[in-house]
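Here the structure is laid out as structure tokens; the discussion comes afterwards.
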Amino acid sequence: MLDTALALMSEQGAGSTSMRQLAAASGVQVAAIYHYFPSKDALLTAVIDERQYHARLAEQLEVEVSLDLPVEDRLRATFLLFWNGALDESPVLKLLLGEGLRAEPAAQQVGSELLTTFRFGVMDRLRAWVPEVVEAGDAESVVEIIIGQIILGFVQHTFEPQRDPSEIGSAAAAAVVATVSRGLILRDCRHPTLGS
């Protein structure tokens, strides 16, 4: 039922999805849906909670990258890990973005919590894979750059569906690497001790 709700809501928005539609698509009575979900807000929250992002993010973070690789390669790998995860969750992200833009309170709360989880996940990955960024004191800025590029890439993917998502991800990863690398190089020029 939650998968059906996600499909309907991501396609037409939570506000345009009726409990009657969900009941028909799920093959249950409307009363059964209301028994478990007293409101659309409760249903929307359950749809997102069912995805178990904290647990899934922890699984993603078990992947390792060699610290012998150049910083640029490790940054690219960090970005692509989260980009590919976002692509896997396209229906949920479309739903949250759409409902968030409509100022739907449940979507705003759940989206805010998901963004916080995402920030922690990116920061953990930077600590493990790109400690140079953390040591330079740039980690929080890099987290925001990565998240910003993922959101921009997702918007491009949404509005340019004919474009290959891996091409969008590669271009966004290149922007992250170029921006962060330039920042580290400039900082090293001003503070030579950071480069050693």
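The values are calculated or read from the model by the stated rules, or taken from the named source; none is laboratory data. Treat the numbers as computed from the prediction; the structure is a model and nothing was measured. When we count neighbours, we look across all protein chains shown, and the Cβ atoms used for this are built from the backbone with ideal geometry, even at glycine.
Just one of the numbered conditions (1) crowded, with 19+ Cβ neighbours inside 10 Å; (2) within 25 Å of ALA46 (Cβ to Cβ) is not true of GLY153: (2). All told, SER141 falls short of being within 27 Å of PRO161 (Cα to Cα), assigned to a helix (DSSP H, G or I) and either polar (S, T, N, Q) or modelled with pLDDT under 85 (or both). Looking at the structure I just gave you, is ALA5 crowded, with 16+ Cβ neighbours inside 10 Å, in a loop (DSSP other than H, G, I, E, B) and modelled with pLDDT under 80? Here the answer is no, as ALA5 does not meet what is asked.
The conditions are (1) out of contact with any Phe, Trp or Tyr (no Cβ under 6 Å at 6 or more places or on another chain); (2) over 23 Å from VAL47 (Cα atoms); (3) assigned to a helix (DSSP H, G or I), and GLY121 fails exactly one of them. Which is it? Of (1) out of contact with any Phe, Trp or Tyr (no Cβ under 6 Å at 6 or more places or on another chain); (2) over 23 Å from VAL47 (Cα atoms); (3) assigned to a helix (DSSP H, G or I), only one is false for GLY121: (2). For the range 39-85, give me each residue that is in a loop (DSSP other than H, G, I, E, B), among the charged types (D, E, K, R) and modelled with pLDDT of 80 or more. Selection gives ASP68 alone.
Counting the residues of the range 13-41 that are among the aliphatic types (A, V, I, L, M) and free of Cβ contacts under 8 Å to residues at least 12 places away in the same chain gives 5. Among the residues of the range 63-116 satisfying the criterion of being surrounded by fewer than 15 Cβ atoms within 10 Å (Cβ to Cβ) and in contact (Cβ under 8 Å) with a residue 24 or more places away in the chain, which is nearest to the chain's Cα centre (by Cα)? Checking each candidate, the answer is LEU115.
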